[in-house]
Amino acid sequence: MIEYKDMGIPKVLNKKNRVLLRELTKTDFKLRYQGSVLGYLWALLRPLMMFAILYIVFAKLLRLGNDIPHYPVYLLTGTVLWSFFTECTSQGIQAMLARGDLIRKISFPKYIVVVSTTFTALINLAINLGVVVIFALINGVQPSLSWLMVPVFIFELYALSLGIAFLLGAINVKYRDVMSIWDVCIQALFYAVPIIYPVTMVANSSMLAAKIILLNPIAQAIQDVRYSLITTEATTTWNFFNNPIVMAIPIVIVVIILIVGSIYFRRKSKFFAEEI
Amino acid sequence: MRREIGKRILINSPENENAIEVHNLHKSFRLPTERSWGLKQAIFNRLRGIKGYKDQKVLKGLNFTVKQGEFLGIVGRNGSGKSTLLKILAGIYYPEKDSTIIVNGNLVPFIELGVGFNPELTGRENVYLNGALLGFSNKEMDEMYDDIWKFAELEKFQDQKLKNYSSGMLVRLAFSIAIRAKGDILVLDEVLAVGDAAFQQKCNNYFASLKEKKQTIILVTHSMENVRRFCDRAIMIEDGKIAAEGDPSEVAEKYMSLFK
């Protein structure tokens, strides 16, 4: 029996690739907190500390979000999801360079390297969401069926992060400037996404700005998680536009970025071993 | 700029007597000519119509076959293109357009020992990681775990971090994992040159046992002693072309004469 296989088409997650993916994810997770006294606790402490800073500055000093119920948990949810997005993309973009030794020495589907780092970010997110839920319950948020929608929006955010990591990661192999550019983009995006401020505040001064903000898939996903998890007072793309066609825009953006990213990555990955 | 690539065809037909066929294999690398290698330079070059790289031809049309059960030695000076050839066979680099490679069966390459070894992890963790990179499932690793440490004679150090190992210990552990790999074709790059005399003996025994089992092997080496001892046939590569092919002693002789 003759079996032809084109090496350009990796058998997506066959058994061998699954084992590799799991081992690389485990290694990644272990290494990230290696040598620190508090170890894995940092996965929890980082977003909590960021939350504490934002809470003191924006909720207490600047008095933002007074009209949103459960504002502290609302803020925490936003920061946790934002950390996930930045971790996923930054680590994903650098993954190829970080694992250059493997890419130069063995033949395996390169996307495993990127996916394993994003899995590490997913594990961190799961831990952090546990904290969010505990905080929410303490804060008096009533558990409801809408909580079941949360994984859907997280999946959307993950798909977006993965698409960005594939696209920019592939370019970053050759042009290392990409990482620096992305760092600046992240800074800018942080303010373009309603994490610390309520969308209604923007809408009061400029309706157009609020609309643009809510078409960003990151903002849409975060607001939807807040809506389903914390409070129906959260402004979502859906209840702001109330138009199914407009609602589709952020989702289309995610799908396009993921498809373009994957195709570009697959095409470029053939030469990673030579270029790294 | 899209680069066209050649074919690397994987088949699985035991009745075919060839394990590997290489037809008209060419490979060149793009070496950047500019000192800085970034986005600015790339845009600058594009605007001025400069390529920004030069093509370095490494392999210039190789043709050879490896029969099933054959122990083939590949020799050549540093920079002759041996390692590039191995990496193409292993599927790490892509061959250039018009080249064809047919690999019949499961090919397991050892370009370097201990790929993915991480100094911050313990010996145990590294064994499992390295095993996964070689394509073993966790169940298979569990089964051979004790044997690996026994062969490496390092049982006491299992839970030490790898950064506390000596370089000799590292190589022994890596080799001990590597030899578990089962493939139809093994591709080895210089892995014989490891460890002290006693460990060398073990390695040589391992190679002798492979030869006895009629395992298909491609070995790249600088040791003419090993070429004469193990190989059924040898190929010498010089400047990206096959300069000699055939009887191992004769090829070894020609190789030695390069340095006179």
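Computed from the coordinates by the stated procedures, all read-outs in this text should not be read as laboratory data. Values in this document were obtained by computation on a predicted structure and should not be read as measured data. Glycine also receives a Cβ, built like all others from the backbone with ideal geometry; neighbour counts cover every protein chain displayed.
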task = Among A:Val178, A:Val114, A:Val57, determine the one that fluctuates most according to a GNM of chain A built with springs between C-alpha atoms less than 10 Å apart.
result = A:Val57
message = Connecting C-alpha atoms closer than 10 Å in a GNM of chain B, tell me which of B:Leu133, B:Leu85, B:Leu170 has the biggest fluctuation.
response = B:Leu133
key: Residue exposure sequence - A:Arg46, A:Arg267 - by fewest surrounding Cβ within 10 Å   = A:Arg267, A:Arg46
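Highest mean first, what order results for B:245-255, A:241-251 on Cβ atoms within 10 Å? If you can, show how the numbers build up before the last one.
Working: B:245-255: 17.0, A:241-251: 13.5.
The densest-packed peptide leads the list: B:245-255, A:241-251.
Looking at the square roots a ≥ b ≥ c of the eigenvalues of the Cα gyration tensor of the protein assembly as shown, which shape do they give, rounded for a/c under 1.5, prolate if a/b is larger than b/c, or oblate?
Working: a/c = 2.68, a/b = 1.93, b/c = 1.39.
Because a/c hits 1.5 or more and a/b exceeds b/c, the protein assembly as shown counts as prolate.
How many partner chain Cβ atoms sit within 10 Å of a residue's Cβ in peptide A:28-40, on average, as a whole number?
Working: counts 0, 0, 6, 4, 0, 0, 4, 1, 0, 0, 0, 0, 0.
Per residue, the number of nearby Cβ atoms from other chains is 1 on average.
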key: Label-to-label distance, nm, for residues given as A:Met201 and A:Ile245 (7 Å Cα→Cβ offset)   = 3.3 nm
task = Would you mind giving the mean number of other chain beta-carbons within 10 Å of the Cβ of each residue in B:116-126, as a whole number?
result = 3
inquiry  = Name the residue from B:Gln68, B:Asn138, B:Met256 whose Cα lies farthest towards the positive end of the charge dipole of chain B, charges +1 on Cβ of Lys and Arg and -1 on Cβ of Asp and Glu.
reply    = B:Met256
message = Are there DSSP H segments in chain A that both extend 30 Å or more along their axis (alpha-carbon positions) and score a mean Kyte-Doolittle hydropathy of at least -0.5? List them, or say none.
response = A:71-98, A:111-138, A:150-174, A:244-268
ask   = Once the piece of chain linking B:Glu140 and B:Ala197 is laid out straight, how much longer is it, given 0.36 nm per residue of separation minus the C-alpha distance between them?
value = 17.5 nm
key: Cβ-Cβ FRET estimate between B:Gln56 and B:Ile9, R0 fixed at 30 Å, reported to 0.05   = 0.70
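Once you list every other residue whose beta carbon is under 14 Å from the beta carbon of A:Gln34, what net charge do they have if Lys and Arg are +1 and Asp and Glu are -1?
Counting the neighbours of A:Gln34, the net charge comes to +2.
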remark   = Heads up, region A:19-83 by the C-alpha gyration tensor (a ≥ b ≥ c square roots of eigenvalues; a/c under 1.5 rounded, else a/b over b/c prolate, else oblate) looks prolate
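Give the shape of region B:30-138 as rounded, prolate or oblate, defined through the alpha-carbon gyration tensor: a ≥ b ≥ c are the square roots of its eigenvalues, a/c under 1.5 means rounded, and otherwise the shape is prolate if a/b is larger than b/c and oblate if not. Mind dumping the intermediate values first?
Working: a/c = 2.56, a/b = 1.32, b/c = 1.94.
Taking the square roots of the gyration eigenvalues as a ≥ b ≥ c, region B:30-138 is oblate.
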request  = Would you mind ranking A:Trp182, A:Trp147 by Cβ crowding within 10 Å, fewest neighbours first?
outcome  = A:Trp147, A:Trp182
query = What average count of beta carbons from other chains do you get within 10 Å of the Cβ of residues in A:105-115?
reply = 4
key: Packing-based ranking, highest mean first, of B:57-64, B:208-215 given that Cβ atoms within 10 Å are counted   = B:57-64, B:208-215
query = In a GNM of chain B with a 10 Å cut-off on Cα contacts, which of B:Leu113, B:Leu31, B:Leu219 has the highest mean-square fluctuation?
reply = B:Leu31
key: More than 22 Å apart - percent of Cα-Cα pairs taken over region B:86-234   = 43 percent
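With charges set only on the Cβ (+1 for Lys and Arg, -1 for Asp and Glu), what does the dipole of region B:53-145 come to about its Cα centre, in debye to the nearest 20? List each step's numbers first, then the result.
Values: 10 positive and 10 negative charges, 120 e Å.
So the magnitude is around 580 debye.
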query = Over the C-alpha atoms of region A:79-140, what are the Rg and the largest Cα-to-Cα span, Dmax, in Å?
reply = 15.5, 54
ask   = For A:Met50 and A:Ala98, what does the FRET efficiency come to when R0 = 30 Å and r is the distance between their Cβ atoms, rounded to the nearest 0.05?
value = 0.80
ask   = Given the pairs A:Lys270/B:Lys163; A:Lys30/B:Lys163; A:Lys16/B:Lys87, which span a C-alpha to C-alpha distance of over 25 angstrom in this model?
value = A:Lys270/B:Lys163
remark   = Nearest-0.05 FRET efficiency for B:Met256 and B:Asn204 at R0 = 30 Å, using Cβ-Cβ distance, is 0.90
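In what sequence, highest mean first, do B:76-82, A:225-231 appear when ranked by Cβ atoms within 10 angstrom? Walk me through the numbers before you get to the answer.
Numbers: B:76-82: 17.4, A:225-231: 23.3.
In descending order of packing, they fall as A:225-231, B:76-82.
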task = Identify, among A:Phe108, A:Leu148, A:Ser36, the residue whose Cα sits farthest towards the positive end of the charge dipole of region A:36-149, taking +1 on the Cβ of Lys and Arg and -1 on the Cβ of Asp and Glu, with the dipole about the Cα centre.
result = A:Phe108
